[in-house]
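Take a look at the structure set out below.
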Amino acid sequence: MKRLFVLALAALLHLPLLAQEDYNRSSLYIIPLLHPGTGMYEEIYNTAIHLEIPDRYNDHSLSMRMLADNVSNPKPKDQIERLKTFLDKNQIAKRMVARWFCRDKQTGTFSMDLVAERGLYNASAEEIRTAMQTVRGKALLADAGEQLIGQTFVIFNDITYYDKESKAQTVLGVFQIVAATAELVGGVAGTVGGSGGEMASGIANLTKSFSDLGGLVSDQIAGFMVDVHSYLFQLEWNDETAAKFYSEYWCDANNPDPARKAAFEADKTTFKMKYIGDYSARSSKTVMRGLYTPQDVFNKVMTRAADENIVQLQKKFPVFKVTAPLTDVENGIVKAHIGLKEGVNPKSKYEVLERRRAEDGTISYERRAVLVPDKDRIWDNRCMAVEEMADNAELGATSFRITSGNEASLYRGMLLREIR
């Protein structure tokens with residue numbers, strides 16, 4: 001099956017097509033892998049379970065938000081096998097499929113609501129149900145796997161702190177001083193009475209003290225860093241799996257089938273996750289500007305480390321790579337809502353792709369231009385970049401220069417993809 005599901009079904013139902021980026025968002029489920037009993041475990045736990053799915057992915061999280069691991073410093077090879085066992089034992093792949101089709105646990109029925117939400121924005125539920133009544137419609141629905149369901153991923157983030165035992169007490173003590181200093185600054189700013197000059201002078205002096213302390217804290221925390229080892233898995237959704245699902249398990253609210261419900265629940269072998277690869281990184285030195293509580297630091301350190309791993313996994317494994325839409329094309333400058341968080345740097349190179357559909361419904365992508373970032377206009381969209389007053393944190397987008405191609409052939413909504 002080589003047709004793009006959302007485009008083919010839209011053609012069948014005579015629906016207008018949408019901007020290209022609506023059909024290129026992969027779905028992601030991130031599971032923190034934590035180690036109870038290790039230093040700073042509570043702080044890690046309270047932060048990890050609230051880490052957000054990156055903007056360029058659909059959130060496909062299940063109810064399980066964290067996995068406890070009592071094995072410390074496992075070898076990656078052993079960890080991969082243990083994670084495979086966990087995925088199989090807990091039937092994560094089947095649960096991911098069930099979520100895609102909004103399965104009702106009580107009746108065992110499915111719906112296309114989530115598929116419609118993520119792909120067929122212009123198709124009503126009734127139009128999708130109509131398509132399900134025809135042989136051709138069912139075939140097109142099965143094609144959803146190529147661009148939607150098949151682009152579903154799970155990442156396990158194995159999170160530990162580097163040198164956590166020797167640094168923990170020192171860092172927590174410094175955090176208390178930071179919080180107290182921040183409170184004093186706020187107190188001076190809120191004082192009633194006194195001249196404006198006195199207030200400004202007081203704030204300036206305390207702010208300078210706080211800035212000096214920030215440098216001290218940065219030195220203190222330099223060796224207190226988080227290690228994140230990310231393991232990437234992909235949902236296997238192919239012709240055989242899709243055919244079995246639709247022919248043996250599918251039933252909707254209008255036609256519930258207890259036998260199909262029982263068959264789906266009993267199936268423990270059809271739906272699988274496959275291992276793609278892994279990447280490990282240690283967080284960089286933390287800039288303390290704009291951080292006033294331990295939770296601020298934990299959130300910033302862990303989010304940035306996890307984001308960096310996702311960037312590297314995208315670079316290593318094209319199947320995981322995301323595209324971004326062009327948001328502006330004018331006077332030789334092209335803009336897109338990606339930045340340092342997505343790994344954009346002065347040496348990056350991108351191609352602009354236009355999606356074309358042939359008469360037989362097959363989809364192809366044609367390169368229309370090659371771009372490089374303007375080194376002075378790379379958006380810093382990393383976690384808490386605005387709070388730390390980082391350069392270019394307020395840009396809102398990265399600007400690119402056209403090095404090959406014609407500006408006249410570019411338009412908003414075309415896809416931007418990094419060239420390896």
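Residues in the stretch 55-65 carry Karplus couplings, in order, of 4, 7, 10, 7, 7, 10, 5, 9, 5, 6, 9 Hz; the curve used is 6.51 cos²θ - 1.76 cosθ + 1.60 with θ = phi - 60°, and Gly or Pro positions show x. The amide H of Ser404, built 1.01 Å from its N in the peptide plane, has Val370 as neighbours under 5 Å, considering only residues 5 or more places off or on other chains. Treat each spin label as a single point 7 Å out from the Cα along the C-beta direction, and report the Val372 to Ala68 distance in nm. Between Val372 and Ala68, the simple spin-label model gives 5.3 nm. Taking amide hydrogens as placed 1.01 Å from N in the peptide plane, the amide H of Leu395 sits under 5 Å from those of Asp380, each at least 5 positions away in sequence or on another chain. What's the carbon and sulfur percent of the stretch 46-89's accessible surface, probe 1.4 angstrom, rounded to a whole number? Here carbon and sulfur together make up 46 percent of the probe-accessible area. Can you give me the relative contact order of the stretch 292-419 as a percent, contacts being Cα pairs under 8 Å and 6 or more apart? Relative contact order comes out at 31 percent.
Placing +1 on the Cβ of every Lys and Arg and -1 on the Cβ of every Asp and Glu, with no other charges, gives the stretch 300-377 a dipole of roughly 340 debye about its Cα centre.
Taking amide H positions as modeled 1.01 Å from N, with prolines and chain starts lacking one, the residues under 5 Å from Ile276 and 5 or more places away or on another chain are Leu232, Phe233, Gln234. Between Glu394 and Lys321, the FRET efficiency from the beta-carbon distance, with R0 = 25 Å, is close to 0.35.
Each of the peptides 369-376, 385-392, 304-311 was scored by the mean count of other Cβ atoms within 10 Å over its residues; in descending order, highest first, they stand as 304-311, 369-376, 385-392. In order along the stretch 340-349, phi translates into HN-Hα couplings of 4, 4, 9, x, 5, 8, x, 8, 5, 9 Hz, rounded to whole numbers, per the Karplus curve 6.51 cos²θ - 1.76 cosθ + 1.60 with θ = phi - 60° and x for Gly and Pro. You can think of it this way: the chain between Asn331 and Asn345 has 2.8 nm of extra reach, that is 0.36 nm per residue less the Cα-Cα gap. Convert each backbone phi in the stretch 310-320 into a coupling constant with the Karplus relation 6.51 cos²θ - 1.76 cosθ + 1.60 (shift: θ = phi - 60°), then list the ³J(HN,Hα) values in order as whole Hz, x for Gly and Pro. Whole-Hz 3J(HN,Hα) from phi for the stretch 310-320: 5, 4, 5, 5, 5, 5, 7, 10, x, 4, 9.
The values are calculated or read from the model by the stated rules, or taken from the named source; none is laboratory data. All figures in this text were calculated on a predicted structure; none of them were measured in a lab. A quick note on method: Cβ atoms are made from the backbone with ideal geometry, for glycine too, and the neighbour counts reach across all protein chains shown. Accessible surface is based on the protein model in full, side chains and every heavy atom, while ligands, DNA and RNA are left aside. Shrake-Rupley method; radii C 1.70, N 1.55, O 1.52, S 1.80 Å.
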